[in-house]
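Read the figures in this text as sums done on the coordinates, not as results from a lab. Since this is a predicted model, take the numbers as computed values, not measurements. Because the Cβ atoms are built from the backbone with ideal geometry, glycine has one as well, and the counts that use them run over all protein chains shown.
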Amino acid sequence: MIEYENLHKVNQKFFTDYRKSFESFLQSGWYILGNNVKRFEEEFAHYHGVKYCIGVASGLDALILALNAFAFPPQSEIIVPSNTYIATILAIIRNGYKPVLVEPDLQAYTIDPAKIEAKITPNTKAILAVHLYGKVCDMQPIVDLAEAYDLKIIEDVAQAHGAMYRHQKAGTFGVGCFSFYPTKNLGALGDAGAIITDDETLYHALLSLRNYGSSTKYYNDYLGFNSRLDEIQAGFLSIKLKALDEINAHKRALARIYLECLDERFILPHVHEDFFDVYHIFNIRHSKRDVLRQYLLEHGIKTEVHYPFPPHKQEAMKGILEGTYPLSEEIHATTLSLPISYCHTKEDIAYVCASLKAFSE
């Protein structure tokens, strides 16, 4: 059986260093916001060439805190892609803002910049760009629109660690929000997240917001949160960060096998020289997705669907997200995620390709 993911195998290479890190943490007697968090924040900021990193408890918290730090007026409108994972939209709603959905580009699956301007109103305060599946959005027109309309850019980089657009890393075009959920290219061994920025004022606000709104113990300047990157996870992330480029290179090598082997019956990820894709997810599309998925399972190949329902079709979003989004619905009805983990070998992917070639529906 070729599993879709095996986190034991993914992390096995790091077990010795993880044990040393945990023992050091245990002996330190300092378990919240200690040296591990400080070190990882410095390393992660350096990796991205930015000044500041703020470690938080999860990717969702990163988005919530980043939006909160801007203190937009209530019911401010935030532009967001219609096919994103629901967490992106939850962050907007939890801040009392209004999500404004924009359809994706059907090739890239990221927000279509050509459709953004028509959704901008006097209440629009930000564009929340989601770098989906390991591909950065087409950022230059987004940056141009943000400058023209005085909008903030917040980036959901949960699926694009190390990905680039025109040689610039995801998360560095605005305020970058990261998840280190265990399945991410840079995955922790539990929930964890971070925010990166060059804005010193925003940095200090976020440091307080993650810690009950306090920068000095028992003195609270903001209505804050309890959302701190855990010392244990920070230690693990520092170890794994050193291997992130290697992890991305491995996944890119596996992606090349898919791209070279699969035929036109399968809609493949779009490749363009402006984009350095890291393939957190390798998605194909097929009109008989569910039949194909069952066929692969019968041939010993596990897959996933990211995601079976678009946000506007979720029960939780009734009365909140209005309108029809046919491109998003088409993507969600046809997308299938193939195995592309750090634990997979080229032989694994060759077998998946051979099985796909034999699919006759």
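As a proxy for reagent exposure, ranking Ile86, Ile32, Ile64 by other Cβ atoms within 10 Å from fewest up yields Ile32, Ile86, Ile64.
Shape index of the chain: Rg/Rh, with Rg the Cα radius of gyration and Rh the Kirkwood radius from the inverse mean 1/r over Cα pairs, equals 0.97. The count of lysine pairs in the stretch 244-357 that are at least 8 places apart or cross chains, and whose C-alpha atoms lie under 29 Å apart, stands at 13.
The mean sequence distance of close C-alpha pairs (under 8 Å, at least 6 residues apart), as a share of the length of the chain, puts its relative contact order at 22 percent. In the elastic network of the chain, a GNM with C-alpha springs shorter than 10 Å, the most mobile of Glu315, Glu43, Glu329 is Glu315. So what's the gap between the Cα centers of the stretch 280-350 and the stretch 83-160, to the nearest angstrom? Comparing the Cα centres of the stretch 280-350 and the stretch 83-160, I get a distance of 21 Å. Applying 0.36 nm per residue to the separation of Ile320 and Phe359 and subtracting their alpha-carbon distance, the gain on full extension is 10.0 nm.
In terms of surrounding Cβ atoms within a 10 Å radius of their Cβ, Ile320, Ile331, Ile78 rank from fewest to most as Ile320, Ile331, Ile78.
Close amide-amide hydrogen proximity is noted between Val56 and Gly193, Ala194, Ile195, Leu229, each under 5 Å apart and 5 or more residues distant or on a separate chain (H modeled in the peptide plane; Pro and chain starts excluded). Taking amide H atoms as placed 1.01 Å from N in the peptide plane, the amide H of Ile2 lies under 5 Å from those of Ile301, Lys302, each 5 or more residues away in sequence or on another chain.
Between Leu268 and Val305, the simple label model (points 7 Å from Cα in the Cβ direction) yields a spacing of 2.5 nm. Estimated purely from DSSP H runs of n ≥ 4, each contributing -39500 (n - 2.57), the mean residue ellipticity at 222 nm for the chain is -11500 deg cm²/dmol once divided by its residues. The length gained on full extension between Trp30 and Lys119, counted as 0.36 nm times the residue separation minus their Cα-Cα distance, comes to 27.2 nm.
By the beta carbon rule, with partners counted only under 4.7 Å, the chain holds these lone Cys residues: Cys53, Cys137, Cys177, Cys343. Distance between the pseudo-spin-label points of Ala350 and Asp221 (7 Å out from Cα toward the beta carbon): 5.9 nm. Between the residues Tyr218, Val143, Asn95, the greatest Cα displacement towards the positive end of the dipole of the stretch 7-241, with unit charges on the Cβ of Lys, Arg, Asp and Glu, is found for Tyr218.
Within the straight-line cut-off of under 19 Å between alpha carbons, the lysines reachable from Lys119 are Lys98, Lys152, sequence neighbours fewer than 8 places apart in one chain being disregarded.
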